[in-house]
Amino acid sequence: MDTITLIQPDDWHLHLRDNQALKTTVPAATRSFGRGIIMPNLTPPVTDVKKASAYRERILAQRPKGSNWQPLMVLYLTDNTSPADIIAAADSGFIYGCKYYPAGATTNSASGVTNLDNMHAVFEAMQEVGMILQMHGEVTAPDIDIFDREAVFIERHLRPLVAQFPKLKIVMEHITTKQGADFVLSAGDNIAASITPQHLLHNRNDMLVGGIRPHLFCLPILKRNIHQQALINIATSGSHKVFLGTDSAPHTQGAKESACGCAGCFSHHAAIELYAEVFDQANALDKLEAFASTNGPNFYGLPHNQVSIELKKQAWQLPDSLPFEDTQVIPLGAGTTLNWKLVE
Ligand code: DOR
Ligand code: ZN
């Protein structure tokens, strides 16, 4: 098999940043995808319909001519989000979810939710109007080891939440553990998960053995190889409960290669090809379309894209760096060779 044709995929989790960064991130996001779920962790965050509308306009202004790519906007939940904000978001027609960041869990999450228990009226409203909850599923308690944050979150918070709001649609964003994969598989059809290319391609040894590789540092952090294997298994299984979400999150080279480096991997230079590599290695290229192109829209209640894309078997080398803002970003897989390439 030398070519693969796929219904055009979508990215159900990405960070475009703002202003000058959009000149790089928006064209990259449109490269292979039809739609993108746009994370709202700007400074200040996208907390209401008005901010989401203005951000959407700034994004669309950078969309390449002729592109039909659509930004699907998301509200950032805070301690001050009200049920009225949820209803306004649902009525907007361009907001497709609300993002829960535990305060302090990751980049620009300082305004996130400090206590899930205070969000009941908001979750009630979301359940009522069918608004999807996008969950950054990690605890931030200082006594919990960073490698255990996701597994503890599932037991401490997610199971009780799902029991309390049995119809609330939740995406466990970027799952990174066997516990995450098992939880999603065992839950009802209102629960799904996205998976990033870095968590499928790497484990923590790749980040830490032989020297620290800051460009592989992301949150939730890469886990040990048994978790990587569990993610590969669920992604390539054909299960309808998991779909593509790159979490492409650019930071400048300087912000990554620092005494206190930022979390995030930029992958939109080669996103679909990075996933194709994983599916090829697992002998599961026939399952790539479900993961990349149909499971996501089915969960979000949206139509599949009408056009298709083609990948061809062709060795090509990823760039060592890419221009970003006034400097550069080191992309995921920089300098390595991939075996599948998008026909552009
Ligand atoms: O690695 C990450 N980077 N994880 C997140 O949750 C946020 C993201 C970012 O915004 O840089
Ligand atoms: Zn993210």
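Number of Lys pairs in the range 1-141 with C-alpha atoms less than 24 angstrom apart, excluding same-chain neighbours closer than eight positions? Lysine pair count for the range 1-141: 5.
Considering the chain at the alpha-carbon level, its Rg and Dmax are found to be 18.6, 53 Å.
Would you please classify the overall shape of the range 159-316 from the alpha carbon gyration tensor, given that a ≥ b ≥ c denote the square roots of the eigenvalues, rounded means a/c under 1.5, and beyond that prolate means a/b larger than b/c while oblate covers the rest?
It comes out oblate by the Cα gyration axes.
Computed over protein heavy atoms with a 1.4 Å probe, the carbon and sulfur contribution to the accessible area of the range 231-344 reaches 47%. Using the rule -39500 (n - 2.57) for each DSSP H run of four or more residues, divided by the residues of the chain, the 222 nm mean residue ellipticity is -8000 deg cm²/dmol.
Measuring with a 1.4 angstrom probe and ignoring ligands and nucleic acids, Met135 comes out at about 0 Å² accessible.
With all pairs of separate Cα atoms included, the range 1-160 yields a Kirkwood hydrodynamic radius of 16.8 Å.
Measuring with a 1.4 Å probe in the full set of protein chains, what accessible area per residue, in whole Å², belongs to the range 136-184? Don't skip to the answer; put the middle values down first.
Values: 2020 Å² over 49 residues.
For the range 136-184, the per-residue accessible area is 41 Å².
Straight-line reach from Lys312: taking Cα to Cα under 23 Å and skipping same-chain neighbours fewer than 8 places apart, the lysines in range are Lys287, Lys341. Between the range 177-202 and the range 278-308, the alpha-carbon centres lie 15 Å apart.
Rolling a 1.4 angstrom probe over the range 1-82 with all protein chains present gives an accessible area of which 49% lies on carbon and sulfur atoms. Of all the options Asp79, Asp11, Asp145, the one that moves most in a Gaussian network model of the chain with Cα springs shorter than 10 angstrom is Asp145. Whole-Hz Karplus values for the range 276-282 come out as 4, 4, 5, 5, 5, 4, 8 Hz, taken residue by residue from phi with 6.51 cos²θ - 1.76 cosθ + 1.60 and θ = phi - 60°; glycine and proline positions read x. Running a GNM on the chain with Cα contacts under 10 Å, which residue among Phe153, Phe33, Phe266 ends up with the highest mean-square fluctuation? So, out of Phe153, Phe33, Phe266, the one fluctuating most is Phe153. With each label modelled as a point 7 angstrom along the Cα→C-beta vector, the Lys167-Asn80 pair spans 3.1 nm. For the set Ser32, Ser258, the ranking by accessible area, highest first and with no ligand, DNA or RNA atoms included, is Ser258, Ser32 under a 1.4 Å probe.
The values are calculated or read from the model by the stated rules, or taken from the named source; none is laboratory data. Every value quoted in this text rests on a predicted model; they were computed, and no experiment measured them. Glycine also receives a Cβ, built like all others from the backbone with ideal geometry; neighbour counts cover every protein chain displayed. Remember, those area values only see protein heavy atoms, side chains included, never the ligands or the DNA or RNA. Shrake-Rupley method; radii C 1.70, N 1.55, O 1.52, S 1.80 Å.
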